Amino acid sequence: MAFVAAGVAGLPAARRRRVDGGSLKRGGCGGGGGGSRDSRPGIIRRGWRRAAAPPPLRPVIGGRATPMATAAAPSPPLPGHTTVLLIPTGVGAAVGGYAGDGLPAARLLAAATDTLITHPNVLNGGSLYGPPANALYVEGYALDAFCAGAWGLRPVRRNGGGQAVGLLLDAGLGTDAVTRHVQVADAARATLGLRVVAVTSTAEPLGVSLTRVAGDTAASSGRIEAPDALLAAADRLVEAGATALAVVALFPDEGGDPGSDDEGAEDPSAAAAAAAAAAAAAAALAEYRAGAGVDALAGAEAVISHLLTRHTHLPCAHAPALSPLDADAGVSPKAAAEELGYTFLPCVLVGLAGAPTLLVPPHAPPPAAGDIWAADVDVIVVPADACGGAGLLALAGRPDPPLVVAVAANTTVLDVPPEAVGIQGVVHVATYAEAAGVVLAHRAGILRDALGPDVPRIPWV
């Protein structure tokens, strides 16, 4: 990815864990310091931390020397155990490829680590949301930049308050849709206490269209006709004080392209092609609602959020505006969250309110305790057949890479196992429940082999 190569060059090296002087003691099992992998297979070792200096002694009284309390300045905390959860969007992931169905896996992994970093499509569930308190909601473009070591993250819980969210609406929305989405934002302010500070509309309709990636994968993609209008509206929100951006764009119904019927009205061949495309889109939608297809909207949503994040360097996320679908008793539980109403905005507002501030050199603020960079990542969890993403490749290519855990049950339309891209030392697991056990063992510094029936002998060297 051109951005990754350009973003890393010329920037300060990412922070590395280090112990500078003093005696050392073994870290406990509570996850205070980051763990790392030993060079030997199956070995996980705990990070070391500096031991506290012994308190000075009082003068001898009655033959005993007693400790005396001091007000020594505390040392900056070492980063906690950090896990990145990647589930690519728009590739038909069996877990996380639908409507919030990746959230249970995220909650479990969050319970096994100190900080979980993942992207909005894992945590978003339409009107349903339940993000773990220690999960960082990071848009995909920013997440790739973070994994490359180019950008850092500053959790807002350590930075004083949540994000100030600006609401950006597509001018293509009808009057009722605008009213309803503004009411969602007002409801979030009144019931959840979220800071939604401004709303604006684009100067012209964005003109979102949906496409599929050529080839056998049929991954979803898309485009917008008025990107300048999108960026200009974002700039107005930033000037109004927004520190995070929620976007609601009008999406075509059932995967069609707005205006395609008019364009083909006078051309029979074009009309036939449009009808065939509409039929294929309807079939794909039915497959998705049954829990077996690719999310046709995800690719276009990524285009919008990537463009905004790259332009503003702020947390961004998108909620599509769609016409309600007819009720269908056969809808899969994995897709059911999208059947609950006319809006997908509630989960986006909740996620953005707690999203971390993006640290983008050379304009990033001075370093602070709690900042997280790529060097602080201990584990990355990915689908076993979707290992070609820029974020994973960047982290796996580090001199001291994190442990890579590949989940076999989360199948996608891709076919890129870790071995195909040269990633070594991968821990293969069947499910996210097993992945959480690996993460927890890594955090606690427990030898994985000791959890099974056979423990190999220590090798002589």
Length released on extending from ALA450 to ASP186, taking residue separation times 0.36 nm less the Cα-Cα span:
89.7 nm
Which FRET efficiency value, to the nearest 0.05, do you get for ALA133 and ARG236 by plugging their Cβ-Cβ distance into 1/(1 + (r/R0)^6) with R0 = 30 Å?
0.40
How would the stretch 397-451 be classified by its alpha-carbon gyration tensor: rounded, prolate or oblate, with rounded meaning a/c under 1.5 and the a/b versus b/c comparison settling the rest?
oblate
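How would you classify the stretch 334-461 from its alpha-carbon gyration tensor, with a ≥ b ≥ c the square roots of the eigenvalues: rounded for a/c under 1.5, else prolate if a/b is greater than b/c, otherwise oblate?
Details: a/c = 1.87, a/b = 1.32, b/c = 1.41.
Oblate, because a/c is 1.5 or more while a/b does not exceed b/c.
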Can you sort THR175, THR411, THR243, THR82 by solvent-accessible area, 1.4 Å probe, largest first?
THR175, THR411, THR243, THR82
Rounded, prolate or oblate: which fits the stretch 95-145 when a ≥ b ≥ c are the square roots of the eigenvalues of the alpha-carbon gyration tensor, with rounded for a/c under 1.5 and prolate only if a/b beats b/c?
oblate
Contour excess over end-to-end distance, with Cα ends at ARG107 and ASP400 and 0.36 nm allotted per residue:
102.8 nm
How far apart, in nanometres, would the label points at GLU225 and ARG310 be if each is projected 7 angstrom from Cα along the Cα-to-Cβ direction?
2.2 nm
What are the semi-axes of the equivalent ellipsoid of the stretch 78-172, taken as the square roots of 5 times the eigenvalues of the Cα gyration tensor, listed largest first and rounded to whole Å?
21, 19, 15
Ranked by how many other beta carbons lie within 10 Å on average, peptides 381-388, 312-319, 427-434 from highest:
312-319, 381-388, 427-434
Under a Cβ-Cβ cut-off of 10 Å, what is the net charge of the residues other than GLU204 that fall near it, where Lys and Arg count +1 and Asp and Glu count -1?
-3
Local electrostatic count at LEU143 - Lys and Arg +1, Asp and Glu -1, tallied over other residues with Cβ under 15 Å
-2
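The values are calculated or read from the model by the stated rules, or taken from the named source; none is laboratory data. Quick caveat, the model's predicted, so the values are computed rather than measured. All Cβ positions, glycine included, derive from the backbone under ideal geometry; neighbour counts span all protein chains shown. Heads up: the accessible areas ignore ligands, DNA and RNA and are worked out on the full protein's heavy atoms, side chains in. Shrake-Rupley method; radii C 1.70, N 1.55, O 1.52, S 1.80 Å.
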